[in-house]
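Here's the structure we're looking at; comments come further down.
The values are calculated or read from the model by the stated rules, or taken from the named source; none is laboratory data. This is a predicted model, so every value here is computed, not measured. Cβ atoms come from the backbone with ideal geometry, glycine included; neighbour counts cover every protein chain shown. For the accessible areas, the whole protein counts, side chains as well, though only heavy atoms, and no ligand, DNA or RNA atoms are used. Shrake-Rupley method; radii C 1.70, N 1.55, O 1.52, S 1.80 Å.
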Amino acid sequence: MIGEFHRPRRWLVSGMLVVCSAALLATSPPDDTSSYTFERLGIDGGRVELTRDRPTVSVFVVIRADALGPDQVSSTDSARVALQGVVTHETDDASFVRVKLVTPSSGTIGTQDVLTHFENETALSFDGNCADPTTGDACQARFQLDFSLVDESEAATPVLIDWTFDLRGWGQKRSENPKNLGPFDPPWTVEIRSE
Amino acid sequence: MIRPLAALLVGWMTCGCTAPELCRGGDNRSSVDAGPLSETVTFDDVGFASRHFVATIQDLPRVWDAEAAVVESSIGLGVDVVYQDEPKGGDGKTQMPAVEVELSVLGAFEPFVVVTDSFHTVGTVSGHAEAFRICDDADDVDCCVFGSTECRAPITVSVRRREGAPFPPVDVSLSLTASATVTPCPLEEDVKARLTLEAE
């Protein structure tokens, strides 16, 4: 008697499970996005010269997205900058150079006291109308690089710093034929100014 | 006929169960330590230097376990690099020259080798190597012969500064420790093994 009472309920539960599973499958978003990679490598940051008279130099970099990428995809998602530099001393009596990377969104990313070379990497945050960079507020990201002599009195001769940086960005778009596309040169303008 | 066989079977099963109880699962092991022993190597430029030490374990049990009396043993090494003058560095943000350090114990299996990072942080570089390799043959060299009451482990620490100018002179600090776990099994006597670490 008890078994007969429970049998319809068991069928009901099983049926509900099947219906729910089917509904979940039907409403789950398919993995149908194409990924676009953008990169510009080895951008020359210029030469910085530090002396006793000019022991500190700041370099400001502004990256402006001028347009959308191919297939009208954004190029500024998950953007990053990786920078590297070489320090040259005219004599063996070398002075440490303090290299500080700053971004508006994260503040000081890292400070290094270096003698021969340096490298650093951080995320770049683009602000503005990045969905349509041709209108409205400019879609742009910035970072600042500060160079200074750790001990000015030690710098008998100028210290030269040559540095470059790599920019990378990503975008994605729904597609019936998902692909990984790129790397493309990003539709960005890069301005470098030192003070 | 069946009764004697059953008695034999029960007797055999009883012996089989109690024999391993002679060694109580390692709960009577004791640990001995030595060190730290510190040494500083100075480099003005690219260069190489080595330092020699010896770890000795004494008063091991006269009757060893079937496997070993020294169950585990290791030599630990900590490496720090700082500049002799300001800025001292070693803070994870000051560029330092690469220094390669190798810890090898004569007769042990694998040396420990490490190269310090460009932005070395004091207190972060350490490693270890096995101290006492147990061997059966008395003619075997550079090992701890089964049944010995004393074993020696000659240790060499080699230091190589890989980068010279413009990096200033550095001090490379070595900190050495030794540890061993000893078991008195199969006898239940108290283990009073001693472990020492000395510079040679």
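A few notes on this one:
- Whichever residue in segment B:66-82 is among the aliphatic types (A, V, I, L, M) and part of a strand (DSSP E or B) and, among such residues, is farthest from residue B:149 (Cα to Cα): B:82
- Annotation note: of B:63, B:101, the sole residue that is β-branched (Val, Ile, Thr) and assigned to a loop (DSSP other than H, G, I, E, B) is B:63.
- Residues (touching a residue at least 24 places away in the same chain (Cβ under 8 Å), at negative phi and more than 14 Å from every other protein chain (Cβ to nearest Cβ)) located in segment B:91-110: B:99, B:100, B:101, B:102, B:103, B:104, B:105, B:106, B:108, B:109
For (1) within 14 Å of chain A (Cβ to nearest Cβ); (2) within 17 Å of residue B:153 (Cβ to Cβ); (3) surrounded by 15 or more Cβ atoms within 10 Å (Cβ to Cβ), each residue gets a yes or a no:
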position	(1), (2), (3)
B:60	no, yes, yes
B:63	no, no, no
B:69	no, yes, yes
B:77	no, yes, yes
B:85	yes, no, no
B:89	yes, no, yes
B:112	no, yes, yes
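- Qualifying residue in segment B:162-172 (condition: away from chain A (no Cβ under 14 Å), open to solvent by 30 Å² or more (accessible area, probe 1.4 Å) and under 17 Å from residue B:104 (Cα atoms)): no
- Of the strands (runs of 3 or more DSSP E) lying entirely inside segment A:70-136, the ones with 1 or more residues being closer than 30 Å to residue B:45 by Cα and without any contact (Cβ under 8 Å) to a residue 60 or more places away in the chain are found at A:97-103, A:107-114, A:117-123.
- Hits in segment A:50-108 (condition: under 26 Å from residue B:85 (Cα atoms) and of a type in the set (Phe, Trp, Tyr)): A:96
- Which numbered condition residue A:150 fails, given (1) touching a Phe, Trp or Tyr at 6+ places or on another chain (Cβ under 6 Å); (2) over 30 Å from residue A:57 (Cα atoms): (2)
- Selection status of residue A:81, away from every other protein chain (no Cβ under 14 Å), farther than 28 Å from residue A:36 by Cα, among the aliphatic types (A, V, I, L, M) and buried (at least 18 other Cβ atoms within 10 Å of the Cβ): no
- A single entry from A:150, A:114 fulfils the requirement of being modelled with pLDDT of 95 or more and of a type outside the set (Phe, Trp, Tyr): A:114.
- Residue A:149 being surrounded by 15 or more Cβ atoms within 10 Å (Cβ to Cβ) and within 14 Å of another protein chain (Cβ to nearest Cβ): yes
- Checked against (1) open to solvent by 50 Å² or more (accessible area, probe 1.4 Å); (2) of a type in the set (A, V, I, L, M, F, W, C); (3) modelled with pLDDT of 95 or more, residue A:188 meets all criteria but (1).
Okay, residues lined up against (1) within 14 Å of another protein chain (Cβ to nearest Cβ); (2) touching a His at 6+ places or on another chain (Cβ under 9 Å); (3) open to solvent by less than 30 Å² (accessible area, probe 1.4 Å):
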site	(1), (2), (3)
A:87	yes, yes, yes
A:99	yes, no, yes
A:113	yes, no, yes
A:117	yes, no, no
A:120	yes, no, no
